[in-house]
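Colleague: Supplied in structure tokens, the structure appears directly below.
The values are calculated or read from the model by the stated rules, or taken from the named source; none is laboratory data. All of these numbers come straight from a predicted model, not from anything done at the bench. Here the Cβ positions follow ideal geometry from the backbone for every residue, glycine too, while neighbour counts run over all protein chains shown. These accessible areas exclude ligands, DNA and RNA; they are computed on the full protein's heavy atoms, side chains included. Shrake-Rupley method; radii C 1.70, N 1.55, O 1.52, S 1.80 Å.
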Amino acid sequence: MPQNNKLAFATRSIHVGYDSKDCEGSLNPPIYMTSTFSFDSAEQGGARFAGEQPGHFYSRISNPTQAILETRLADLEEGEAALACASGMGAITATLWTLVAPGDKVLVDKTVYGCTFAYMEHGLKKFGVEVSYVDCTDLDAVKAAITADTKVLYFETPVNPNMRIMDIAGLSALVKDVNPEIKVIVDNTYCTPALQRPLTLGADLVVHSATKYLGGHGDLIAGAVIGDATTLEQIRLVGLKDMTGAVISPMTAFLILRGLKTLDLRMERHCSNAQQVAEMLESHPAVEQVFFPGLKSDPYHQLASQQMSRFGGMIALELKGGMDAGIKMLNKLKLIKLAVSLGDAETLCEHPASMTHSAYTPEERARHGITEGLVRISIGLEAAEDIIADLEQSLSAATA
Ligand SMILES: *Cc1c(COP(=O)(O)O)cnc(C)c1O
């Protein structure tokens, strides 16, 4: 099917990038389980390697099933091109290894996913890239932190795990005003393009852990980068092909295409469930604070209403009694699974300080705004009343 932005998002997530006419009427795209591709002539092979002729030649660079997924993801994020990778970390590292060199500076929001932090702090820094952390909710602080060597501004919104929200349009405009060469990279894992499209707000690149909502079923690990065609080609030929080799398997690309068909539908349910759960938690006597932008009391409610079409399926909370109460509550859950990851059909609950964000030392967590008592919930697709009942029983059991 040709790209046609006049079709609605839900329709495009089912159709873009694949026409069954091209594959014997097969409703679903074939899974091209092949490492290599044969050439008609030595000249053709040479031309493909030289980039003078389109066509696949080795699946570490591209594969037809992967290409369908990339066309669809680029369309949904409203970018020119996309690259699918073996994991979210594969996408993030392939992107940054392509964009930076020793002496360059990367500006990062003070709170990011634990392994992203570990990569910045222990990976990039080890190779002579300067990494500095800034509170991206403070636009003046970001402006003051930009120097002549700054090449990248990197942030998540909403932030994993504490649900701070960044002004994507404001930050992108500010950065471009200082130096249009600086790349603004947004990790859009928490929202997916169903709720938020950073490229339309001025960002240069979007990265994803497709392991989460895009796949949507907790049965794969994958990632993606979306942006302009020139930069994406560089990331494919440098960051993916030579530096990380973090290539997605054709089988995994197929599973994400399957997941995308229900993305819009799933996000609707995740969002409405999360709203109901957050409202219950906010009025629960055992809860100290709920972090969810859909609550009118949330400091980011206004900004979230502007740049997100709905408020997402992720909630963080702090119990009265801090970490001890939080750990007790996690141990009392019955229906809800005690597990990291997010965006699955199952509601998942975890303790960032000891799990997803344990790559930070306790001192770093304090400095970077991750409290020891924080509990993170990925609201699933079960009936809201069953999720609420399990949380209520675990909260009373934990605080009895
Ligand atoms: C999970 C996650 C990642 C890492 O993705 P993987 O697929 O696990 O490699 C990156 N960013 C965010 C916000 C995440 O939640």
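Colleague: Might you check whether a residue that is within 16 Å of the ligand (Cβ to nearest atom) and of a type in the set (Asp, Glu) occurs anywhere in segment 37-45?
Modeller: no
Colleague: Please report, ordered by residue number, the strands (runs of 3 or more DSSP E) entirely within segment 279-388 with at least 3 residues that are closer than 25 Å to ASP109 by Cα.
Modeller: 287-291, 314-319, 375-378
Colleague: Still on this model: Can you tell me which condition ALA278 does not meet? The list is (1) open to solvent by 10 Å² or more (accessible area, probe 1.4 Å); (2) more than 15 Å from LEU195 (Cβ to Cβ); (3) not basic (Lys, Arg), and all the others hold.
Modeller: ALA278 satisfies every listed condition except (1).
Colleague: Something else: Quick check on my filter: what residues within segment 165-188 are within 14 Å of the chain's Cα centre (by Cα) and open to solvent by 10 Å² or more (accessible area, probe 1.4 Å)?
Modeller: ASP187
Colleague: Is it the case that GLY239 is assigned to a loop (DSSP other than H, G, I, E, B) and touching a residue at least 40 places away in the same chain (Cβ under 8 Å)?
Modeller: In short, no.
Colleague: What do you reckon, is TYR113 within 18 Å of the chain's Cα centre (by Cα), open to solvent by 30 Å² or more (accessible area, probe 1.4 Å) and among the hydroxyl-bearing types (Ser, Thr, Tyr)?
Modeller: Against the criterion (within 18 Å of the chain's Cα centre (by Cα), open to solvent by 30 Å² or more (accessible area, probe 1.4 Å) and among the hydroxyl-bearing types (Ser, Thr, Tyr)), TYR113 qualifies.
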